Amino acid sequence: MDYPVRRVLTVLVLIIPLLSGCAGSLSSHKHNEIPASVYRNSLHDIFINTPSHHNIRQSIFKPEFLGYLAYLVSTSQTLDEHALRGSINRWNAVASEKSEQIHYNPVHFMRVASLHREGNNLCTRVSECTISLEDINILRTWLSWRLNYIVTIPHTTIDTTQLSLLNPSKQPRLQTALQKLSHNQAGVALIQQALDSGLVIRLGQLQGSHGYYDFNEHTITLDPSVVNYEFNLRYLVHELLHACNTAEENSITEEVLAELIGLRIQNQITGIRFELNPYLVLVEHVLHPEYGQLSFNNDIYGELAIAGIEL
Ligand SMILES: [Zn+2]
């Protein structure tokens, strides 16, 4: 199946109508209806160029299969390609339906084998890769991982003049977006951190991308579409989260947290809830041609804690 279509199917979109539990108030709350364009724009497009063979349900990322791999690895230490293919054959031999079968994919194998690694030691040749229990445990941890954070700094009010420091080119829509964010508890922590570190946000046409953070310049560039639309606020949060990282090295974990926290804060601001499954977001990043090459971890948890967001 085509990858973007499958993503729409696998991403659980929950809508909580703001009807105060009263059907009679439907017409008076019409302004809370979700515009159709949200559905087109809400789901991430960063995977659009990802090859379409990432069917997670029939890959080694399948949760039940991970349990089987964990059992195998606990008895034989590590799994090379030959051992993995043997385990897939045994799994498929007892599958009662075709949809239960696992397809071997060398890229999946190499990415899983690279999860628990030192530095940037990405496993790039099938013959040199082995899957360890640590690799599998990283995935199994994320299967049950849920976004849960507390904001440890007192809720302060940030006035317009302070917000303008982040927005030196005085873009009115960026100012409005920052104002909305400054009324959110975690949002204000990110803004305060950005102000303390002298961050600058600019608008600029970005072909196909919503925003990026330049570590050396300590600036964020956002596509104008991000600040024109409330349901794109998560991209601003995403980049602000990157800006909290005082070290240059990015990580898969940082990207996933930026996605999930960005959406959580946007949901709180819009009052309309979209949900992403953390495990699926993680796997998509692991398989992404660029993000998948990053280290799995960096100190993003510690950096966010300094900003006042404790996970
Ligand atoms: Zn990012």
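What follows draws every value from the coordinates through simple rules; no lab data is involved. All figures in this text were calculated on a predicted structure; none of them were measured in a lab. FYI the Cβ positions are ideal-geometry reconstructions off the backbone, even for glycines, and counts take in every protein chain you see.
Electrostatic tally near Ser127: other residues with Cβ closer than 9 Å to its Cβ, Lys and Arg +1, Asp and Glu -1, net -2.
Filter the GluC sites (Glu not before Pro) in region 114-165 down to the DSSP loop ones having no more than 16 other Cβ atoms within 10 Å, then list what survives.
Counting only loop positions with at most 16 other Cβ atoms within 10 Å, the GluC sites (Glu not before Pro) in region 114-165 are Glu118.
Computed over region 150-310, the alpha-carbon pair-distance distribution with 5 angstrom bins reads 2, 9, 18, 24, 23, 16, 7, 2, 0, each value a whole percent.
If a/c stays under 1.5 just call it rounded; otherwise compare a/b with b/c (prolate if a/b is bigger, oblate if not). Do that for region 56-143, with a ≥ b ≥ c from the square roots of the Cα gyration tensor eigenvalues. Here region 56-143 falls in the prolate category. For region 209-267, applying the loop criterion from DSSP together with a ceiling of 16 other beta carbons within 10 Å to the GluC sites (Glu not before Pro) yields Glu217, Glu248, Glu249.
Charging the Cβ of each Asp and Glu at -1 and of each Lys and Arg at +1, and nothing else, the dipole of region 56-143 about its Cα centre rounds to 200 debye.
All other residues whose Cβ lies under 12 angstrom from that of Tyr301 are scored, Lys and Arg at +1 and Asp and Glu at -1, for a net of -4. In the neighborhood of Pro63, defined by Cβ-to-Cβ distances under 11 Å, what is the net charge if each Lys or Arg adds +1 and each Asp or Glu adds -1? The answer is +2.
For region 154-311, the relative contact order works out to 20 percent when only alpha carbon pairs closer than 8 Å and six or more residues apart are counted.
For region 111-166, trypsin sites (Lys or Arg not before Pro) are listed when DSSP marks them as loop and at most 15 other Cβ atoms sit within 10 Å of their Cβ; the list is Arg117, Arg125, Arg146. When the square roots of the Cα gyration tensor eigenvalues are ordered a ≥ b ≥ c, the ratio a/c for region 237-298 is 1.5 or more and a/b does not exceed b/c, which makes its shape oblate.
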